[in-house]
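Here is the structure we will look at.
The values are calculated or read from the model by the stated rules, or taken from the named source; none is laboratory data. These figures come from a predicted structure and were not determined experimentally. We place every Cβ from the backbone using ideal geometry, glycine too, and count neighbours over all the protein chains shown.
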Amino acid sequence: MDSLTNAYHPPRVSRAALALAAGLQASGAVDPMANAPKAIPYPDHSRLLEVRDASGSVRPVNHPADWAERASHIRAGLQQAMGPLPGAAARVPLDLEECGETPSGKYLRRKIRFTPELGDRVPAWLLIPHGLRHRAPAMLCLHQTTDMGKDEPAGLGGRASLHYAHELAERGYVCLVPDYPSFGEYPYDFAKQGAHHASGSIKAVWNNLRAVDLLESLPQVDAGRMGVIGHSLGGHNALFTAVFDSRLKAVVTSCGFTPFHHYYGGKVAGWTSDRYMPRIRTVYGNDAHRIPFDFYEVLGAIAPRGVFSNSPVRDDNFEITGVRKAFAAAAPVFALHAAESRLVLRTPDSGHDFPEAERQAAYAWLDSVLR
């Protein structure tokens with residue numbers, strides 16, 4: 001085993017940041033929405049090539065700089081629904097713990113834990129291809145809604161069609177596969193542990209950003225060639241994470257989304273558990289018209305980076321007509337950045353699954369973007 005397999009260099013965090021984080025964590029009285037950015041309302045979230053201001057004035061998006069302003073409004077809208085993303089003070093040392101490892105054909109499978117914020121530990125698999133002599137591309141691999149959590153993408157159970165971390169590691173990618181809060185080996189009480197977050201979704205996004213910090217710090221990883229992949233829960237979790245983390249250059253989302261009006265005909269209650277976005281229920285009354293963002297914008301906010309979607313025509317969770325509308329709305333944003341080829345939609349004749357042909361197409365696309 002070469003030196004790249006074992007070395008680890010944690011990122012540095014200032015003492016002032018640690019002290020501030022400790023104070024915030026100790027105080028249970030902090031309003032989880034206190035630091036949420038104010039959002040500019042957009043009556044039609046599918047109209048991406050326009051920018052509004054607080055007075056309601058509208059101007060067209062003609063240049064990437066115009067889009068950067070609109071993208072900032074999109075991130076604010078997500079944080080109104082999810083709660084604010086934690087600030088730099090929450091970026092405490094990752095305190096990587098290695099919990100055992102086993103060889104698996106073409107790669108080493110290592111069980112780890114890391115600290116995303118004070119008082120919390122995330123279990124994860126780290127898959128490291130054998131024989132690395134140079135820094136490799138890396139993928140954050142996010143699981144679907146399943147009790148086994150991270151084990152399924154890592155190839156340790158569940159559906160073979162969702163073993164994408166295992167398959168990517170065999171192709172030479174360093175893969176980090178964390179548990180989503182409350183799944184797998186990650187017990188999480190959203191009412192107690194998550195009291196300083198307004199939603200499970202923003203907690204998961206924060207954990208994922210810290211997972212990218214971890215990948216970035218590994219000597220095996222080329223930090224300029226990182227992406228994210230996920231199915232279902234992992235599919236929209238991948239999109240949300242990429243909106244907030246520009247280090248992720250390629251996003252593969254499988255069965256991950258449809259605009260809210262197309263989600264069971266606008267019946268959005270499925271998005272509102274503590275694991276996801278309860279403010280859609282408590283603040284926006286389960287009304288798709290009132291939710292302060294939509295997936296048209298989520299796709300656009302990732303431009304000019306790459307997005308590949310596997311969206312089967314018989315997916316009973318995420319209706320295909322809405323997915324096609326979202327891609328049509330986002331396409332001019334990618335064109336504005338001369339990045340039309342980086343927006344890819346595959347629509348297999350399948351149910352809620354990630355078929356072999358689409359996985360192989362996604363992996364080839366990742367190779368084209370990250371290699």
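Structure notes:
- Subset of segment 165-195 that is within 21 Å of Pro84 (Cα to Cα) and among the hydrophobic types (A, V, I, L, M, F, W, C) - its residue that is nearest to the chain's Cα centre (by Cα): Phe190
- Counted residues, segment 42-83 - those being part of a loop (DSSP other than H, G, I, E, B), in contact with a Pro (Cβ under 7 Å, 6 or more places away or on another chain) and surrounded by fewer than 20 Cβ atoms within 10 Å (Cβ to Cβ): 1
- Residue in segment 225-237 that is at pLDDT 95 or above, surrounded by fewer than 21 Cβ atoms within 10 Å (Cβ to Cβ), over 9 Å from the mean Cα position of the chain (by Cα) and in a strand (DSSP E or B) present: yes
- From the options Asp316, Asp274, residue that is touching a residue at least 24 places away in the same chain (Cβ under 8 Å), surrounded by fewer than 20 Cβ atoms within 10 Å (Cβ to Cβ) and under 28 Å from Lys192 (Cβ atoms): Asp274
- Gly256 crowded, with 24+ Cβ neighbours inside 10 Å, within 11 Å of the chain's Cα centre (by Cα) and outside any strand (DSSP E or B): yes
- Going through (1) farther than 30 Å from Gly285 by Cβ; (2) of a type outside the set (Phe, Trp, Tyr); (3) surrounded by fewer than 17 Cβ atoms within 10 Å (Cβ to Cβ) one by one, Val122 falls short only on (3).
- Pairs where the first residue, in segment 191-214, is more than 24 Å from Gly227 (Cβ to Cβ) and touching a residue at least 60 places away in the same chain (Cβ under 8 Å) and the second is in a helix (DSSP H, G or I) and charged (D, E, K, R), C-beta under 9 Å, 6+ apart: Gln193/Lys203; Gly194/Lys203; His197/Lys203; Ala198/Arg279; Ser199/Arg279
- Answer residue from segment 134-193, given it is polar (S, T, N, Q) and part of a loop (DSSP other than H, G, I, E, B) and is surrounded by the most Cβ atoms within 10 Å (Cβ to Cβ) among those: Gln144
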